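The values are calculated or read from the model by the stated rules, or taken from the named source; none is laboratory data. These numbers come from a predicted model, not from an experiment. Methodologically, a virtual Cβ is constructed for each residue, glycine included, from the backbone with ideal geometry; neighbour enumeration extends over all protein chains shown.
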Amino acid sequence: MGQYYQPPPPGYGAPPPQPYMMEPPEAGSIKSMLNIAGILALLFGILFILAGIVFLIFTFGFGIIFSIMMIVMAIIDFIIWINCKEINRMIDARQYEQAKSKTLIWMILGFILGGLLIGLIILIAYLKFDGLINTARAQAYGPAPQPYGQAPPPPQQRLCLGCGQQIPLNFNNCPHCGRQAQPAGPAPAAQHGGMRMCLGCGQQIQANYQVCPHCGKHV
């Protein structure tokens, strides 16, 4: 009997999701300041263009020049409003360096043509970018890796007098031959240059001895 086709589970074959990085708190603060500056720029732009139209209609001579200046300032305020929204989109895309550079440009124009209040608010937002960039870098790279600690020293060993294998010092019987281990004596011969242990009696003897002087066993 044929098997029924079972569709693959959702997400099968799709790349694993990327770890989500929370938006730094400085980003929300900067976006709030830019939203306020953008709204003020929009309101000032509307007021300036209305005032410019009124001066253009009801005044002559110097009033026409003044009305043209008001309309130009209104256009600048509208451009500031648009660019505040654009900077917020760049912050959402985590393009913090580019957003900082763009904020600097419109902060200067805001002071000169958009109004002192708008320029001051954008200045406050600009000053917060350094903290935002540092926080983003810390999230991206994480804390500096700590050096790994040294490996724990290996347990002390001793020779089994039955089979000659190394066994831990705390073993009472050899796990290789089953012989009862002799009580721990002096340190292994390797730690005493020119010495070795007699496998017959466990005493330390000179490395060049062929016969143990204590028990007579050939080594």
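Could you tell me which of the residues Gly52, Gly28 is under 41 Å from the mean Cα position of the chain (by Cα) and either closer than 15 Å to Asn88 by Cα or assigned by TED's automatic domain parsing to the domain that holds Leu104 (or both)?
Values: Gly52 fails: under 41 Å from the mean Cα position of the chain (by Cα).
Of the residues listed, the single one that is under 41 Å from the mean Cα position of the chain (by Cα) and either closer than 15 Å to Asn88 by Cα or assigned by TED's automatic domain parsing to the domain that holds Leu104 (or both) is Gly28.
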Checklist entry - Among (1) modelled with pLDDT of 80 or more; (2) over 32 Å from the mean Cα position of the chain (by Cα), which single condition is Gln6 missing? => result (1)
Next on the checklist: Between Ile49, Ile39, which is surrounded by fewer than 20 Cβ atoms within 10 Å (Cβ to Cβ) and either modelled with pLDDT of 90 or more or at positive phi (or both)?
Outcome noted: Ile39
Checklist entry - Could you say which residue among Leu169, Leu199, Leu161 is touching a Lys or Arg at 6+ places or on another chain (Cβ under 6 Å), at pLDDT 75 or above and farther than 30 Å from Ser32 by Cα? => result Leu169
Checklist entry - Out of the range 9-36, which residues are in a loop (DSSP other than H, G, I, E, B) and modelled with pLDDT of 55 or more? => result Pro9, Met21, Met22, Glu23, Pro24
